[in-house]
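The values are calculated or read from the model by the stated rules, or taken from the named source; none is laboratory data. A quick note: this is a predicted structure, and the numbers were derived from the prediction, not measured. For neighbour counting, all protein chains shown are included, and Cβ atoms are generated from backbone atoms with ideal geometry for every residue, glycine included. These area figures cover heavy atoms from the full protein model, side chains too; ligands, DNA and RNA do not enter into them. Shrake-Rupley method; radii C 1.70, N 1.55, O 1.52, S 1.80 Å.
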Amino acid sequence: MKLTTERLILRDLNIKDAKEFINECTKETKIKPRKNYNLGIELKSEKKVIGCVALSSVDKYQGTASLGCWIGEEYWRQGIGTEALKKLISFAFDKLKLRRVEAGVYVENKPSYSMIEKMGFKFEGTKIKSRRAKATGKIHDEKRYALLREEYEI
Ligand SMILES: CC(C)(COP(=O)(O)OP(=O)(O)OC[C@H]1O[C@@H](n2cnc3c(N)ncnc32)[C@H](O)[C@@H]1OP(=O)(O)O)[C@@H](O)C(=O)NCCC(=O)NCCS
């Protein structure tokens with residue numbers, strides 16, 4: 001799986017770092033129909049993976065999926081998250097023919113919810129004590145967002 005934007009290549013990961021994560025990602029590429037797309041974000045100008053973008057829990061019958069994104073800190077605020085997510089959203093709507101993409105963001109994570117609000121995602125509510133962070137074990141409230149096919153303009 002490979003998607004290309006002006007500055008980026010979104011592609012399946014196949015490098016040796018973070019073996020467990022990459023092994024999972026590799027397994028997912030073999031599941032048919034594919035439910036999870038965890039793609040590395042390669043910056044064309046540096047030929048380097050600088051983050052990941054994910055379209056997960058793809059449910060063709062329901063027409064839904066969830067989005068996620070993380071970028072190396074030195075590349076923040078250059079529009080890369082937006083560029084990568086827009087491409088994955090167009091893949092979700094145009095290619096997979098989904099009707100709704102969702103995102104859940106910890107209430108403390110202003111960069112993330114600011115980014116998806118700017119992209120037109122609608123806030124649908126806050127799930128209290130919704131998620132335990134893998135890194136810290138801490139429980140977080142989560143802001144839930146969605147973008148419907150008819151709302152998206154790219
Ligand atoms: C969230 C994240 C992906 C944003 O990526 P990015 O490439 O820096 O985002 P963009 O440059 O496309 O930003 C788009 C808009 O989002 C908002 N935004 C992004 N970072 C912000 C910040 N630190 N504070 C406030 N608003 C912010 C701004 O409105 C920005 O537009 P502007 O720069 O024109 O003002 C990045 O901060 C990140 O990887 N964070 C850690 C991982 C994470 O929390 N992921 C979310 C969980 S899935």
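Among the trypsin sites (Lys or Arg not before Pro) in region 17-83, those located in a DSSP loop and surrounded by at most 16 other Cβ atoms within 10 Å of their own Cβ are Arg34, Lys35, Lys44, Lys47, Lys60, Arg77.
Can you pull out the trypsin sites (Lys or Arg not before Pro) in region 79-154 that DSSP calls coil and that have at most 16 other Cβ atoms within 10 Å?
Answer in residue order: Lys97, Arg99, Lys134, Lys138.
For region 27-59 and region 71-142, what is the separation of their Cα centres, given in Å? Cα centroid of region 27-59 versus Cα centroid of region 71-142: 15 Å apart.
Per-residue ellipticity at 222 nm, computed for the chain from helices alone with -39500 (n - 2.57) per DSSP H run of at least four residues, works out to -6000 deg cm²/dmol. Per-atom-type breakdown for the chain gives carbon and sulfur 50% of the accessible area (1.4 Å probe, protein chains only). Computed over the Cα atoms of region 12-154, the ratio of the radius of gyration to the Kirkwood radius (Rg/Rh) comes to 0.95. For Arg131, the residues whose amide H sits under 5 Å from its own are His140, ignoring neighbours fewer than 5 places away on the same chain, with H placed 1.01 Å from N. Residue pairs exceeding 27 angstrom between C-alpha atoms, taken from Lys44/Lys127; Lys27/Lys48; Lys2/Lys110; Lys48/Lys97; Lys47/Lys127; Lys27/Lys129: Lys44/Lys127; Lys2/Lys110; Lys48/Lys97; Lys47/Lys127; Lys27/Lys129.
Backbone geometry of region 47-61 corresponds, through the Karplus equation with coefficients 6.51, -1.76 and 1.60 at θ = phi - 60°, to 3J(HN,Hα) couplings of 6, 9, 7, 10, x, 9, 10, 9, 10, 10, 6, 5, 10, 5, 5 Hz, x marking Gly and Pro.
For region 38-154, the per residue solvent-accessible surface stands at 60 Å², with DNA, RNA and ligands left out and a 1.4 Å probe. Restriction of the GluC sites (Glu not before Pro) in region 63-108 to DSSP coil positions whose beta-carbon has at most 16 other beta-carbons within 10 angstrom yields Glu108. Taking chymotrypsin sites (Phe, Trp or Tyr not before Pro) that fall in a DSSP loop and have at most 16 other Cβ atoms within 10 Å as cut points, what is the longest piece of the chain between them? Here the longest run is 77-154. In this label model, Ala18 and Lys44 are separated by 2.3 nm, measuring between points 7 Å along each Cα→Cβ vector. Rounded to the nearest 0.05, what FRET efficiency do Leu148 and Ile31 have when you use their Cβ-Cβ distance and R0 = 22 Å? Between Leu148 and Ile31 the formula returns 0.25.
Averaging sequence separations of C-alpha pairs under 8 Å and six or more residues apart, then dividing by the length of the chain, give the relative contact order as a whole percent. Could the numbers behind the result be given before it?
Working: 264 pairs, mean separation 24.5, N = 154.
Once divided by the residue count of the chain, the mean separation gives 16 percent.
Toward the positive end of the charge dipole of the chain, about the Cα centre and with charges on Cβ (Lys, Arg +1; Asp, Glu -1), which of Ala92, Gly51, Thr82 goes farthest? Of the options given, the answer is Ala92.
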